[in-house]
Amino acid sequence: MIEVRNFTKRYGDFVAVDDLSFTIGEGEIFGFIGPNGAGKSTTIRFLATLLRPSSGEGYIAGHSVVDDPMAVRKLIGFMPDDFGVYDGMKVWEFLDFFAVAYKIPRGSRKKIIAEVLELLDLTHKRDDYVNGLSKGMKQRLCLAKTLVHDPPVLILDEPASGLDPRARAEMKALLSELRSMGKTILVSSHILPELADFVTSIGIIERGKLLAAGSVQEIQRTL
Ligand code: ADP
Ligand code: ADP
């Protein structure tokens, strides 16, 4: 469902990501682990069609992220590692903004937003201003945003970063639920134990190189 083939990204002489290859099967939750600066966001932004590679290829359900970014954007929900600024927007307006961007017909938008709010337990916050939300609520809203166009693939950059243990546990439960709904998920973290107990496979990246990739059991044997 997700394939990265020999992806390299250079900034001048600096090699941020070096010949990275991995695949993620349909229905998997792939944990993408590495310390800060390892190259996770660079790889994720490449897959999300936001960054051009120096070389290499990426595919989402067979569509090239380089040659066919519009097709890829319909297939993925992307959660960046920074929330962005949405001054003056209410929770439902924030989701409506993305629903419009995804060209969801006016008649369906209200129903879809209600469903997404319900799924993420945000219904009671629908009229709150985005900027007033707690960090955990903001992260959940960001996850909600990725679901508006019902994509089969979710690409999530450190969705649990900065959350307290309870909000982290809730985020994990949500991701497991989304997987049970059939989503294929790539989720990054700089903390291995944070992902090890609920992902199906893992890739470990350090200084732009993939050190290991495989099932959780395989990885634990090699470490
Ligand atoms: P991670 O997401 O694992 O923390 P990143 O992919 O953000 O790592 O960054 C990988 C490396 O590439 C880091 O050393 C970072 O400073 C560098 N880098 C990222 N973006 C740029 C850029 N636009 N110009 C120069 N260096 C960059
Ligand atoms: P991350 O949260 O993945 O570590 P950063 O906060 O390092 O990402 O980077 C935020 C933004 O700044 C990204 O768009 C990244 O490409 C860019 N960036 C990161 N490092 C550098 C750098 N050394 N020089 C220029 N831009 C950078």
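The values are calculated or read from the model by the stated rules, or taken from the named source; none is laboratory data. These numbers were taken from a predicted model, which means no experiment stands behind them. Reconstructed Cβ throughout: ideal geometry from the backbone, glycine too, with neighbour counts over all protein chains shown. Heads up: the accessible areas ignore ligands, DNA and RNA and are worked out on the full protein's heavy atoms, side chains in. Shrake-Rupley method; radii C 1.70, N 1.55, O 1.52, S 1.80 Å.
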Mind listing whichever residues of the stretch 36-60 are open to solvent by less than 20 Å² (accessible area, probe 1.4 Å) and charged (D, E, K, R)? Lys40
Mind checking which strands (runs of 3 or more DSSP E) fall wholly inside the stretch 113-223 and carry at least 1 residues that are without any contact (Cβ under 8 Å) to a residue 12 or more places away in the chain? 209-215
Inside the stretch 20-35, the number of residues satisfying the requirement of being more than 8 Å from ligand 1 (Cβ to nearest atom) and either of a type in the set (A, V, I, L, M) or open to solvent by 10 Å² or more (accessible area, probe 1.4 Å) (or both) is 11
If you go through the stretch 20-61 one residue at a time, how many are assigned to a loop (DSSP other than H, G, I, E, B) and among the acidic types (Asp, Glu)? 2
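Here's the yes/no breakdown for (1) modelled with pLDDT of 95 or more; (2) away from ligand 2 (no atom under 16 Å from the Cβ):
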{"site": "Ala160", "(1), (2)": "no, no"}
{"site": "Ala169", "(1), (2)": "no, yes"}
{"site": "Val187", "(1), (2)": "yes, no"}
{"site": "His190", "(1), (2)": "no, no"}
{"site": "Pro193", "(1), (2)": "no, yes"}
{"site": "Gly214", "(1), (2)": "no, yes"}
{"site": "Ile219", "(1), (2)": "no, yes"}
I'd like the full set of residues that are within 25 Å of Thr200 (Cα to Cα), open to solvent by less than 70 Å² (accessible area, probe 1.4 Å) and outside any loop (DSSP other than H, G, I, E, B), limited to the stretch 1-19. Ile2, Glu3, Val4, Phe7, Val17, Asp18
The lone exception for Tyr102 - which of (1) closer than 28 Å to Leu192 by Cα; (2) hydroxyl-bearing (Ser, Thr, Tyr); (3) out of contact with any Ser or Thr (no Cβ under 9 Å at 6 or more places or on another chain) it fails: (1)
Top-ranked residue in the stretch 28-64 [being of a type in the set (Val, Ile, Thr) and farther than 19 Å from Leu211 by Cα; ranked as farthest from ligand 2 (Cβ to nearest atom)]: Ile60
When the residues of the stretch 61-90 are filtered to those that are closer than 18 Å to Pro159 by Cα and among the β-branched types (Val, Ile, Thr), which remaining residue is most open to solvent (accessible area, probe 1.4 Å)? Val85
Filter pass, Ser108 being touching a residue at least 12 places away in the same chain (Cβ under 8 Å), assigned to a helix (DSSP H, G or I), small (Gly, Ala, Ser) and open to solvent by 40 Å² or more (accessible area, probe 1.4 Å): no
Conditions (1) farther than 24 Å from His63 by Cβ; (2) free of Cβ contacts under 8 Å to residues at least 60 places away in the same chain; (3) in a helix (DSSP H, G or I) -> Ala99 fails only (1)
